[in-house]
Amino acid sequence: MNYVKTTIGIFALLAFSRFIPHPPNFTIMLALSFYVPVIFGSKFLPALVLSFVITDIFIGFHETVIFTWGSMILIGLISRHFNSNIVYRVSGSLIGTFIFFIISNFGVWTFGTYGYDLKGLLICYTLAIPFFGYSFISTLFYSSLIEGIFSIKKVRSFLVTLK
């Protein structure tokens, strides 16, 4: 039952973040892709991907969805290597923004909009830099929020054990 409740919570956070008006790429998406496996374990990666699929049904699918979802899975898989302390976790989540940027924009380039040459690839990545900025800032914001919530929770748990 906890798996179901946690999955519903993940979906609610992701859906809320994606459905409310926001600047492009300013969502909890990358932070959740990193923190869900760190906090709950990699067994929740399918729940995370399912949440993306369901929200994309309403938002709309695009040609590069496989690159988007694939980068989210990769971010989730590498997250366990950054779990030793808060600095590593936040750094790992920010590395996730680079992974997402590289993979998702490579996907955009594969559809030939900018040409199938090095110049087209460079144009594709250059035009995506503003979106990367929003992804980076939102991931830093949401990672800090997640870390803050869990720090408060740890302090409260510690205080309860002192009573």
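Some values worked out for this structure:
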| item | result |
| --- | --- |
| Residue count for the range 27-43, restricted to those that are buried (at least 19 other Cβ atoms within 10 Å of the Cβ) and of a type outside the set (A, V, I, L, M) | 5 |
| Pairs with Cβ under 7 Å, 6+ apart, first in the range 6-30 and charged (D, E, K, R), second surrounded by 15 or more Cβ atoms within 10 Å (Cβ to Cβ) and assigned to a loop (DSSP other than H, G, I, E, B) | Arg18/Thr27 |
| One residue from Ser143, Ser135, Ser104 being touching a residue at least 12 places away in the same chain (Cβ under 8 Å), surrounded by 11 or more Cβ atoms within 10 Å (Cβ to Cβ), farther than 20 Å from Val65 by Cα and among the small types (Gly, Ala, Ser) | Ser143 |
| Subset of the range 44-79 that is of a type in the set (Gly, Ala, Ser) and assigned to a helix (DSSP H, G or I) - its residue that is nearest to Ile20 (Cα to Cα) | Ser51 |
| Filter result (small (Gly, Ala, Ser) and outside any helix (DSSP H, G or I)) within the range 90-133 | Gly112, Gly115, Ala128 |
| Residues satisfying the stated conditions in the range 1-15, i.e. surrounded by fewer than 18 Cβ atoms within 10 Å (Cβ to Cβ) and more than 14 Å from the chain's Cα centre (by Cα) | Met1, Asn2, Tyr3, Val4, Lys5, Thr6, Ile8, Gly9, Ala12 |
| Residue within the range 121-135 that is closer than 15 Å to Ile95 by Cα, of a type in the set (Phe, Trp, Tyr), at pLDDT 95 or above and touching a Pro at 6+ places or on another chain (Cβ under 6 Å) present | yes |
| Residue within the range 11-30 that is in a helix (DSSP H, G or I), in contact with a Phe, Trp or Tyr (Cβ under 7 Å, 6 or more places away or on another chain) and farther than 21 Å from Gly133 by Cα present | no |
| Some residue of the range 80-89 being touching a residue at least 12 places away in the same chain (Cβ under 8 Å), charged (D, E, K, R), buried (at least 18 other Cβ atoms within 10 Å of the Cβ) and part of a helix (DSSP H, G or I) | yes |
| Leading residue by the ranking (surrounded by the fewest Cβ atoms within 10 Å (Cβ to Cβ)) among those in the range 56-79 that are among the hydroxyl-bearing types (Ser, Thr, Tyr) and more than 26 Å from Ser151 (Cα to Cα) | Thr68 |
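The values are calculated or read from the model by the stated rules, or taken from the named source; none is laboratory data. Since the model is a prediction, treat every value here as computed from it, not as a measurement. No Cβ is skipped: glycine too gets one built from the backbone with ideal geometry, and neighbour counts run over all protein chains shown.
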